[in-house]
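The values are calculated or read from the model by the stated rules, or taken from the named source; none is laboratory data. It should be emphasised that the depicted structure is a prediction, and the values quoted were computed from it without experimental measurement. As a convention, Cβ positions derive from the backbone with ideal geometry for all residues, glycine included, and neighbour counts pool all protein chains shown. Protein only, heavy atoms only, side chains kept; ligands, DNA and RNA dropped before computing areas. Shrake-Rupley method; radii C 1.70, N 1.55, O 1.52, S 1.80 Å.
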Protein chains: 4
Amino acid sequence: MNTFGEIFRLTTFGESHGAAVGGVIDGMPAGVRIDLDAVQKELDRRRPGQSDIVTARAENDRVQILSGLMDGVTTGTPIGFMVANSQQRSADYDTLRDLFRPSHADYTYTEKYGLRDHRGGGRSSARETISRVVGGAFARQALALSGVAITAYTSQVGNIKLPGSYDDYDLAAAELNAVRCPDAAVAEQMEELIRDVKRDGDTVGGVVSCVISGCPVGLGDPVFGKLHARLAAAMMGINAAHGFDYGMGFDGVGRRGSEMADLFTTDASGRVRTLTNNSGGVQGGISNGEDIYFRVAFKPVATLLREIETIDKEHRPTTVKARGRHDPCVLPRAVPIVEAMAAMTVFDAMLLNRTCRI
Amino acid sequence: MNTFGEIFRLTTFGESHGAAVGGVIDGMPAGVRIDLDAVQKELDRRRPGQSDIVTARAENDRVQILSGLMDGVTTGTPIGFMVANSQQRSADYDTLRDLFRPSHADYTYTEKYGLRDHRGGGRSSARETISRVVGGAFARQALALSGVAITAYTSQVGNIKLPGSYDDYDLAAAELNAVRCPDAAVAEQMEELIRDVKRDGDTVGGVVSCVISGCPVGLGDPVFGKLHARLAAAMMGINAAHGFDYGMGFDGVGRRGSEMADLFTTDASGRVRTLTNNSGGVQGGISNGEDIYFRVAFKPVATLLREIETIDKEHRPTTVKARGRHDPCVLPRAVPIVEAMAAMTVFDAMLLNRTCRI
Amino acid sequence: MNTFGEIFRLTTFGESHGAAVGGVIDGMPAGVRIDLDAVQKELDRRRPGQSDIVTARAENDRVQILSGLMDGVTTGTPIGFMVANSQQRSADYDTLRDLFRPSHADYTYTEKYGLRDHRGGGRSSARETISRVVGGAFARQALALSGVAITAYTSQVGNIKLPGSYDDYDLAAAELNAVRCPDAAVAEQMEELIRDVKRDGDTVGGVVSCVISGCPVGLGDPVFGKLHARLAAAMMGINAAHGFDYGMGFDGVGRRGSEMADLFTTDASGRVRTLTNNSGGVQGGISNGEDIYFRVAFKPVATLLREIETIDKEHRPTTVKARGRHDPCVLPRAVPIVEAMAAMTVFDAMLLNRTCRI
Amino acid sequence: MNTFGEIFRLTTFGESHGAAVGGVIDGMPAGVRIDLDAVQKELDRRRPGQSDIVTARAENDRVQILSGLMDGVTTGTPIGFMVANSQQRSADYDTLRDLFRPSHADYTYTEKYGLRDHRGGGRSSARETISRVVGGAFARQALALSGVAITAYTSQVGNIKLPGSYDDYDLAAAELNAVRCPDAAVAEQMEELIRDVKRDGDTVGGVVSCVISGCPVGLGDPVFGKLHARLAAAMMGINAAHGFDYGMGFDGVGRRGSEMADLFTTDASGRVRTLTNNSGGVQGGISNGEDIYFRVAFKPVATLLREIETIDKEHRPTTVKARGRHDPCVLPRAVPIVEAMAAMTVFDAMLLNRTCRI
């Protein structure tokens, strides 16, 4: 089950220590001129080694498109792509061959499959998300033709929260700092916290928020395939994601229905709008044309640069201390992944939506 | 897209004002003896009119099994089922034909499909969940053969929260009160709040928590099909659900990785366990044998028994006031639906898991 | 796996001896006015007891639509439907409980599922095709809005073949006789043969041919989802079907490429056409706007009204003789089923085709 | 729709003139030791330039496995693979940019997608089948662990037919001659015919037959997913395939049911067998343990090395003559592709079958 989507479908492959990671984008409509530099730029946003608050691994990930384009335009055939795994220090992981790290996938993979690829986390490696970013970049370029834009940002690191709502900020400013928070002062506090945590050999969690603007009315299905259910599945499939809400979400449960109703109005052009947007742009599972906004909670990741107790494959007590280079906080690099998954979800819903009327 | 699941698949049909609601359960393995009284009992738990804090509609929903059983045992063929829509007062809804209620699906359905069934909310009606409860009841009986049990309960109504963790309570006690909260005193407060809200013609939201115990190690897939991603999609497909988290969820983002690591141990029988369960029973997307626990946030529903402003189909201002019988709080009736969706998700993952090793 | 299709999807349920057979049509676009009498008329075409050359069972199959229509128009929500199993003489089948009939599904079902519904063949009963005919009738009405028409007919019974090509005949004439062959004289020979075979307590096979006219250019996918591959799967899923070919099919393998090339031309309106149609209306897996034509071979069915040797559940030798009323030749009743499967296949491809360009 | 299968799923990408062809095998169970030389050997069987009766293109296709193996054993994660397109003479195809070849995919692709990759046939190129052969080789190695073997051979070229049934021959002998026919004398006639046809710049069709032995009882589903319906879809998705039948197929329609019944017996070990195998190893859509055998009809391909009339993109008359190196008969190279598709189909059904009983 390494395929995401129904019409626009991404199938991914690859571990951190095989020859390459990559995937196939199927269902990409013909006729979209692709800016490959923009695809690469998305990859660069998720790349390790961008700043002192993320892992120092100097991966130099160049995407190679293997099929599906002619003269820079999609032909309607599948887009095969890969990113070579240039830097493989499998020996770094030899000590992990025979033990299970706490709160990692080591134990569950072994029990599920009868064996596991211990090198670099195997399929649970963050490198797998490279393929998602490539898929998302194609979806995003198709969406842009319809005026849909997707912007995510870090809204919480540890207990440092960005106050207010997304429309209080210029979200483009998130790209101006390493932690990807649109408020420079809050960003500085977040980065400080991450540095502290890193010094301790520890990790910290946080929240990524995301806004989809320009989304047409009508995307999503009434029952199981509600647009927010599709988004939830997409987000909860990202490593370390532990929570999702949209609109007022968990914060809205304490309120009354009368406070939450989004009253209708029409704008100057006669288009139906709502005066408030507590619904988060989705009503009855279907987009209503307002901004879609949601949050994704990320736990502090489990790879600690300090010694902790664990067990080996024979279930005997031992200890483990991660070596190498790891992220003290996944949030900054999760931002482009959240955007990528959102882009694929919305574009898939847009294609599906072409079939709902005769 | 009215099908849920990959191997164990429920396809549902029906609006509140057609002849019936129902569905087809496909992929139900052969050889399970079904207790039809237990199926009906699940339906009774979601039925309106159970108490003074839910809608007074006296629906008398009897499920009729149309196929797939012989001498009470599943044959491996699809289970067709239906529940007749006995009580259809379409005239109640005539005033809704030409207007859009705020924060309902009226506007988005109309824009998506070019028309909508205005009677009783059409497909967005809560009656659609009848089919989910039936599907869940079959999955639950199959799961019970493997020792898997699923229990949901109301953990928050408005701002009244049940303190502590799920294992501080005897969850079976939730069925002893109308609001389905395992603590009698908190339940009373919740019910009081719901009665207050109802008196105001208003509504209130809340949180349903759910625990899956006895789940074998190995369910779920590493990437897009993580067990919690499947659960998130399942839960966010329930009407009024606005948030999902599992394990420490949103509350865990402020903590450090070193606090969150679930250290391994082995129990008396030599089975691998974890000392804590911050991971919520899922690691790397795959169940680890500990209890799986998660929360679902429900917004206050939008059907108010007071007059509010809205627009009609021609986008002209008007007002609307719901008539008939409606839930001031969906939480009590959402509990069996959360359980049903969880049961189908876990059983489907269990069947899929049979194919992951040679 | 009781679902057919990708966007337009039919899920069926029901055995001959449960309460009902039926299904759910999902993905039916909103806005199609449905002629329910025409749906019923399709059912009547597959009904037993229409003539002396088919089974005398007087099934009075009335379809009941349970959801998805408002004022006779599809709403975009699933169409639930059922046909009650009015005539259940389970006792007729008691002798079959403990034995396996040769060339039936009795043995394979039992081995697959560990048990089987012996009453009336269970799920392998011809009654299951009722649901397909209903699904096909909806697809056909949607297709008619685009000018697509589907006509099947009996082109061979035993060794009696209808000579020439489909365009040598007025295919509408097929409905004028019981065997559904468009040539009255050949039809008479076929019927005579069927009566002979019936007198012997035996059965005979044949071929159904089908023509899809008015199909737009562009349906089908280049690789696995070629339009003729979809049609082949659809047809080979009909009981007793043992072969499928399209265009020149098996008869074309002896010819040269130079004889088979369909040269292009343009018609008066400037539309691209081919001078011949050896390709059967599909090139590279995609419809080219010419008539699509194909054949389906049906074996003589295995239910004989004479005693034959077989084994029981303990694998001991015994004999069996079918009782009750059975078809000596399935061809006449297969005609509407072939049309139904073709209609669903083409309509599904048409909806999918909406997503292939930006 | 470039994915084949439900549990064991192959997704392919690539055109003849991009950087590579390849794919992702998803759902490959963990724990299978893969013989990569055997995979390569399958590729060599489909390679052009093996003899004077197939195209002289000297493709040197080496498969590169990018993921999913550790120490030569499958890990349960997706197998990414690619074969570089080393020999790209796009200029050979420049004359094809602006015209449609008769009976090719040129016109239909252009109409479907609004553009097409004219270089080497784009996605309709025979190179696409490389990915199928790789997928099939993995499935075949997994099947071998259960004793399932799959052998295809050329049984007809033009009007030269191999007489008798598959069990009259030592099928392994098919690999001893270029045309892959198990009878040396008939093979010689077939090869002579192909050389004649080639001299004329023409092409010829034929039939590939295939036998699956050792298949366990129980594979396939009763209704739409009958094992032979799955096989039919698989085979009809191969380029140039125009027909499929199994068991007695088209040749059986003229016979009586009493001749066709496969009477049961038990063998020395008590296993249920049938005295004859007219059913072709499948009854009621489910394998019965006997040999599964089927035929695939291939039309003479449309690429002629002689000038023929056609039209250009503006629909004006012109002529075309294929240049380069082409197969006068696809049959010899289709044999390993038929085997590959059969292997994937049967292995997928075997995995699915694990879920049908509790």
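Within the range C:265-282, can one find any residue that is more than 30 Å from residue C:302 (Cα to Cα), in contact with a His (Cβ under 7 Å, 6 or more places away or on another chain) and surrounded by 24 or more Cβ atoms within 10 Å (Cβ to Cβ)? Taking every residue of the range C:265-282 in turn, at least one turns out to be more than 30 Å from residue C:302 (Cα to Cα), in contact with a His (Cβ under 7 Å, 6 or more places away or on another chain) and surrounded by 24 or more Cβ atoms within 10 Å (Cβ to Cβ). Considering the range C:240-358, the qualifying strands (runs of 3 or more DSSP E), each wholly inside and each with 1 or more residues that are more than 19 Å from residue C:213 (Cα to Cα) and more than 16 Å from the chain's Cα centre (by Cα), run over C:308-312, C:317-320. Of all the residues in the range A:129-162, those that are part of a helix (DSSP H, G or I) and either open to solvent by 40 Å² or more (accessible area, probe 1.4 Å) or under 30 Å from residue A:100 (Cβ atoms) (or both) number 7. Considering the range C:170-203 alone, what residues qualify as being touching a residue at least 60 places away in the same chain (Cβ under 8 Å), open to solvent by less than 30 Å² (accessible area, probe 1.4 Å) and part of a loop (DSSP other than H, G, I, E, B)? Those that are touching a residue at least 60 places away in the same chain (Cβ under 8 Å), open to solvent by less than 30 Å² (accessible area, probe 1.4 Å) and part of a loop (DSSP other than H, G, I, E, B): C:179, C:180, C:201, C:202, C:203.
All conditions but one from (1) modelled with pLDDT of 95 or more; (2) within 14 Å of chain A (Cβ to nearest Cβ) apply to residue B:126; the one that does not is (1).
Restricting the range B:83-113 to residues that are touching a His at 6+ places or on another chain (Cβ under 6 Å) and either part of a loop (DSSP other than H, G, I, E, B) or modelled with pLDDT of 90 or more (or both), the residue that is nearest to residue A:258 (Cα to Cα) is B:97. In this entry, residue A:142 passes the filter for residues that are within 30 Å of residue A:86 (Cβ to Cβ) and either within 12 Å of chain B (Cβ to nearest Cβ) or touching a helix residue (DSSP H, G or I) at 6+ places or on another chain (Cβ under 9 Å) (or both).
With respect to the conditions (1) open to solvent by less than 10 Å² (accessible area, probe 1.4 Å); (2) in contact (Cβ under 8 Å) with a residue 60 or more places away in the chain; (3) at the interface with another protein chain (Cβ under 8 Å from one of its Cβ atoms), residue A:217 lacks only one, and its number is (1). Look at residue A:228 and say whether it is within 22 Å of residue B:204 (Cβ to Cβ) and either open to solvent by 40 Å² or more (accessible area, probe 1.4 Å) or at the interface with another protein chain (Cβ under 7 Å from one of its Cβ atoms) (or both). Yes; evaluated as a whole, the condition is true for this residue.
In the range C:344-358, the residues that are more than 7 Å from chain A (Cβ to nearest Cβ) and closer than 13 Å to residue C:216 by Cβ reach residues that are open to solvent by 20 Å² or more (accessible area, probe 1.4 Å) and part of a helix (DSSP H, G or I) with C-beta atoms within less than 7 angstrom, at least six apart or across chains, in these pairs: C:349/C:230. With respect to the conditions (1) crowded, with 24+ Cβ neighbours inside 10 Å; (2) under 30 Å from residue B:304 (Cα atoms), residue A:298 falls short on a single one, namely (2).
Scanning the range B:1-56 for residues that are of a type in the set (Asp, Glu), open to solvent by 30 Å² or more (accessible area, probe 1.4 Å) and either facing chain C (nearest Cβ under 7 Å) or farther than 18 Å from residue B:331 by Cα (or both) turns up B:6, B:35, B:37. Of the residues making up the range B:114-128, those that are free of Cβ contacts under 8 Å to residues at least 12 places away in the same chain and either surrounded by fewer than 24 Cβ atoms within 10 Å (Cβ to Cβ) or in contact with a His (Cβ under 7 Å, 6 or more places away or on another chain) (or both) are B:114, B:115. Of the residues making up the range D:303-327, those that are in contact with a strand residue (DSSP E or B) (Cβ under 8 Å, 6 or more places away or on another chain) and of a type in the set (A, V, I, L, M, F, W, C) are D:308, D:311, D:320.
Put simply, of B:274, B:319 the only residue that is of a type in the set (Ser, Thr, Tyr), in contact (Cβ under 8 Å) with a residue 12 or more places away in the chain and within 9 Å of another protein chain (Cβ to nearest Cβ) is B:274. Filtering B:312, B:291 for residues that are in contact (Cβ under 8 Å) with a residue 60 or more places away in the chain, open to solvent by 30 Å² or more (accessible area, probe 1.4 Å) and over 19 Å from residue A:232 (Cβ atoms) leaves a single hit, B:291. Quickly run through the range D:231-241 and pick out the residues that are open to solvent by 10 Å² or more (accessible area, probe 1.4 Å) and either facing another protein chain (nearest Cβ under 7 Å) or in contact with a Phe, Trp or Tyr (Cβ under 8 Å, 6 or more places away or on another chain) (or both). Within the range D:231-241, D:233, D:240 meet the criteria. Residues in the range D:208-229: is at least one acidic (Asp, Glu) and out of contact with any Ser or Thr (no Cβ under 9 Å at 6 or more places or on another chain)? Yes, the range D:208-229 contains at least one residue that is acidic (Asp, Glu) and out of contact with any Ser or Thr (no Cβ under 9 Å at 6 or more places or on another chain).
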